[in-house]
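Enquirer: Quick one: the structure is below, questions incoming.
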Amino acid sequence: MASLILQQLVNAATIGAIYALIALGYTMVYGVLRLINFVHSELFMLGAYFCYGLLALGIGGIGPAPAFGVTIAFFAVFALVGSVGVTIERVAYKPLRSATRLAPMLSALGLSLFFQSAVQLIAGPQPIQFPSIFPSARLTVGGAVFTTTQLLIVVLAVALMLLLATFVSRTRLGVLVRAVSESPRTSALLGIDVDRAISLIFFIGPGLGGLGGILYSSYYGIMYPTMGTIVGLKAFTAAILGGIGSIPGAMLGGFLLGFVEVVGTALLPVVSHGLLGTDYRDIFAFVVLVGVLIFRPTGLLGEQISEETMVYKRDY
Amino acid sequence: MASALVAQSRSPVGRRLVGALALAAVLVLLLMVPHAGLYYVRLADDVLIYTLLGFGLNLVIGYAGLLDLGFVAFYAVGAYTYALLASPQFGIHLPFLVILPIGAALAACFGILLGIPVLPLRGDYLAIVTLGFGEIIRILLNNMDAVTGGPQGVMMIDAPRLADYALISPRSFYWLLLGLCAVIGVLVLRLENSILGKAWAAIREDQDAARGIGIDTVRVKLAAFAISASIGGLAGVIFASFQRYVSPESFTFNESILIVLIIVIGGVGNILGVITGAVALIVLPELLRGVAQYRMMAFGFTLAALIILRPQGLVPRSFGPVRLLRWLLAS
């Protein structure tokens with residue numbers, strides 16, 4: 001029993017770390033622009049495809065890749081997906097900053113369709129086996145069996161999050177980002193180049209999302225053009241759960257959602273005496289989403305917003 | 001375009017003539033559709049179904065200003081109501097005209113069911129909860145195999161009968177849908193100008209001020225959800241009776257997004273906009289068939305471009321059907 005619980009905890013931490021990494025992109029963008037960046041789920045998918053492409057180019061075949069190549073691929077994917085993110089912001093969001101809030105959300109959805117079909121066209125609609133880029137030895141700790149891939153995913157994701165946290169709280173550029181997300185108008189008055197900070201956010205967020213795509217695909221060993229949709233929605237749920245706009249919140253929300261999902265899926269058939277099967281796995285995220293928004297819309301670590309209107313107080 | 005038309009016909013009489021001719025041309029076109037090829041009739045049926053859905057969603061998004069990204073749930077409720085009450089699934093075979101109001105009423109109940117918990121939410125938060133609601137309904141349909149047939153859906157649904165006449169061909173559905181669109185269109189237009197419509201506009205523009213002048217925001221919002229959902233339910237019943245097969249595949253998140261895009265690209269809060277949007281977004285992918293493999297890519301690109309270039313939609317909000325008629329016919 002204890003080993004079973006430990007086993008599920010390891011699984012939850014793995015998927016939770018990936019959700020958290022993707023949730024960061026949603027939360028950072030929302031924090032500054034008050035915009036649900038629906039194209040983020042496609043950038044997550046692009047990350048996996050870019051990585052696959054780079055590895056295929058670099059070592060002339062797909063097999064267990066050398067550590068050096070994988071490291072290079074990680075940096076390259078971060079830069080590539082980040083650049084795509086910045087371009088999207090320039091082309092699709094910037095012209096709409098003064099339009100209704102609905103417009104950028106929908107142009108993002110249009111772009112999302114565009115990226116999905118573009119990838120389908122280039123790489124084909126069928127799922128592609130993802131190379132095992134991490135060593136996948138089996139480890140047994142206290143009866144729980146897990147792979148080194150899982151371990152590396154958690155370690156890498158947590159390292160990236162710590163890096164981001166340090167960047168945001170310790171560096172000059174991080175201060176810039178925090179100032180702009182606190183209040184773009186005041187930051188502009190104080191002489192901060194707001195557009196530059198926004199570009200920076202649209203570089204880091206999607207970059208991390210792209211790396212999340214690599215981790216996700218190497219965990220499940222597969223990638224396909226529509227993989228972003230459901231994972232994106234779950235990561236967004238994680239961002240809401242933690243409190244949208246809050247960077248530590250997104251991290252906490254990701255792990256928590258992974259936990260709820262894995263444990264919930266494992267318990268559901270037992271609790272309902274086999275009536276409800278594991279098919280209901282995807283429903284947990286949405287039930288959590290609806291529940292959090294109705295009972296605690298600010299999320300766990302969210303900023304205080306006025307209850308009545310759900311509008312950030314500082315907007316007034 | 002408008003200025004060009006005006007310039008062409010400076011004299012009031014000529015102006016009126018051009019307007020009347022344009023109106024007559026549209027009417028003749030609507031009457032001619034059933035005589036065109038089957039492909040075009042099917043396309044017209046699609047446009048009409050989405051127009052109907054657009055009318056429904058427009059009540060919530062356009063009039064009341066509540067962003068609903070899970071509208072397809074009500075469409076699914078209507079479709080499954082017909083599918084389960086008129087198929088061998090449970091051996092129930094109720095007539096079409098009985099199920100039509102049941103489907104609409106059931107969808108309205110779901111509308112209120114969704115409406116009550118989301119009353120305090122607005123903007124993005126509302127959008128996300130409704131999105132989650134739509135997905136939950138789809139996952140339930142997909143997994144409650146005993147009731148809904150799971151991913152296989154419900155097959156062999158009865159063809160609807162009106163009196164002694166069985167509606168089977170796309171042509172007969174064209175007339176049914178055209179009639180229904182006209183009725184709902186007039187209804188929605190009357191609602192827009194009613195006291196309820198004015199209350200929706202007040203909530204949309206400033207909820208606190210609306211409450212301040214004594215509008216019962218709870219009742220008014222629930223009315224928007226219920227009426228909009230019931231229109232979605234109607235469209236669902238007709239969809240199921242037309243396809244004679246339903247499965248959860250037809251009610252994905254992308255479908256909800258398509259309906260939102262229809263009303264936003266057409267022009268939000270405007271019936272003419274909904275019609276324009278439905279025609280544009282259903283016909284556009286067909287036109288793109290020429291570039292078959294790039295079709296969805298081009299479609300996505302065009303959608304994004306349309307929103308970026310014209311965020312307020314193709315038809316301005318103020319340019320409603322009444323103004324169109326006046327503009328066409330009066331000097």
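What follows is calculated from the coordinates using simple rules that are stated; it is not laboratory data. What you are looking at is a predicted structure, and each value in this text was computed from that prediction instead of being measured. Reconstructed Cβ throughout: ideal geometry from the backbone, glycine too, with neighbour counts over all protein chains shown.
Enquirer: By how many nm would the segment from A:I222 to A:V263 grow when fully extended, if each residue of separation counts as 0.36 nm and the alpha-carbon distance is taken off?
Expert: Fully extending the segment from A:I222 to A:V263 adds 12.4 nm.
Enquirer: Still on this structure, please answer the following. Could you please report the charge total around B:A73, scoring K, R as +1 and D, E as -1 over all other residues with beta-carbon less than 11 angstrom from its beta-carbon?
Expert: Around B:A73, the charge tally is -2.
Enquirer: I need the shape label for the stretch A:2-315. Rule: rounded when a/c is under 1.5, else prolate if a/b > b/c, else oblate, with a, b, c from the alpha carbon gyration tensor.
Expert: oblate
Enquirer: Sort A:150-157, B:115-122, A:123-130 for me by packing, meaning the mean count of neighbouring Cβ atoms within 10 Å per residue, highest on top.
Expert: Ranking, from highest mean packing down: A:150-157, B:115-122, A:123-130.
Enquirer: Let me ask something additional. Could you grab the relative contact order for chain A? Cα pairs under 8 Å, six or more apart, rounded to a whole percent.
Expert: So the answer I get is 33 percent.
Enquirer: Another question, if that's okay. Around B:G232, what is the net charge, scoring Lys/Arg as +1 and Asp/Glu as -1 over all other residues with Cβ under 15 Å from its Cβ?
Expert: Its environment carries a net charge of -1.
Enquirer: Would you please classify the overall shape of the protein assembly as shown from the alpha carbon gyration tensor, given that a ≥ b ≥ c denote the square roots of the eigenvalues, rounded means a/c under 1.5, and beyond that prolate means a/b larger than b/c while oblate covers the rest?
Expert: Prolate, since a/c reaches 1.5 and a/b exceeds b/c.
Enquirer: Across the residues of B:118-130, average count of Cβ atoms on other protein chains within 10 Å?
Expert: 6
Enquirer: Using a Cα-Cα cut-off of under 17 Å, which aspartates and glutamates could be cross-linked to B:K221, ignoring same-chain neighbours fewer than 8 residues away?
Expert: Cα-Cα hits under 17 Å: A:E308, B:D68, B:D124, B:E192, B:E205, B:D206, B:D208.
Enquirer: Which whole number gives the average, over all residues in B:107-117, of C-beta atoms from other chains lying within 10 Å of the residue C-beta?
Expert: Per residue, the average neighbour count from other chains is 1.
Enquirer: Quick one: compute the contact order of chain B, relative version, from alpha carbon pairs under 8 angstrom and 6+ residues apart, as a percent.
Expert: 31
Enquirer: Let me ask another. What length, rounded to one decimal in nm, is gained on full extension from B:R323 through to B:D206, with 0.36 nm per residue of separation minus their alpha-carbon distance?
Expert: 39.6 nm
Enquirer: Less than 12 Å Cβ to Cβ from B:I99, Lys/Arg counted +1 and Asp/Glu -1: what total charge do the surrounding residues give?
Expert: The answer is 0.
Enquirer: With the Cα gyration tensor of the stretch A:1-106 giving a ≥ b ≥ c as the square roots of its eigenvalues, does the rule (a/c under 1.5 for rounded; else a/b larger than b/c for prolate; else oblate) give rounded, prolate or oblate?
Expert: Oblate is the answer for the stretch A:1-106, as a/c is 1.5 or above yet b/c matches or exceeds a/b.
Enquirer: Roughly how many nanometres apart are two label points built 7 Å out from the Cα toward the Cβ at A:T71 and B:I213?
Expert: Distance between label points: 6.7 nm.
Enquirer: Going highest first, how would you order B:210-222, A:14-26 by mean Cβ packing within 10 Å?
Expert: So the peptides B:210-222, A:14-26, ranked by packing, come out A:14-26, B:210-222.
Enquirer: Related question: Could you check the spin-label model distance between B:S169 and A:V145? Points 7 Å from the Cα along Cα→Cβ, value in nm.
Expert: It is 6.4 nm.
Enquirer: If you count, for each residue, the other Cβ atoms within 10 Å and average over each peptide, how do A:161-173, B:258-270 line up from highest to lowest?
Expert: B:258-270, A:161-173
Enquirer: Run the numbers on the stretch A:36-126 and let me know its relative contact order in percent, using alpha-carbon pairs under 8 Å that are six or more apart.
Expert: 39
Enquirer: I would also like to ask the following. Report, in whole Å, the centroid distance computed from the Cα atoms of the stretch A:58-132 and the stretch B:41-74.
Expert: 31
Enquirer: Also: Can you list the DSSP H helices in chain A whose Cα atoms extend at least 24 Å along the helix axis and whose mean Kyte-Doolittle hydropathy is -1.0 or higher?
Expert: A:2-33, A:40-59, A:67-88, A:102-123, A:148-170, A:194-220, A:247-271
Enquirer: How well do other chains shield peptide B:257-266, expressed as the mean number of their Cβ atoms within 10 Å of each residue Cβ?
Expert: 3
Enquirer: With +1 on each Lys and Arg Cβ and -1 on each Asp and Glu Cβ, and nothing else charged, work out how big the dipole of the stretch A:2-315 is about its Cα centre, in Debye to the nearest 20.
Expert: Dipole magnitude for the stretch A:2-315 comes out near 480 debye.
Enquirer: Efficiency by 1/(1 + (r/R0)^6): what FRET value for B:F90 and B:I112, r their Cβ-Cβ distance, R0 = 30 Å, to the nearest 0.05?
Expert: Rounded to the nearest 0.05, the efficiency is 0.70.
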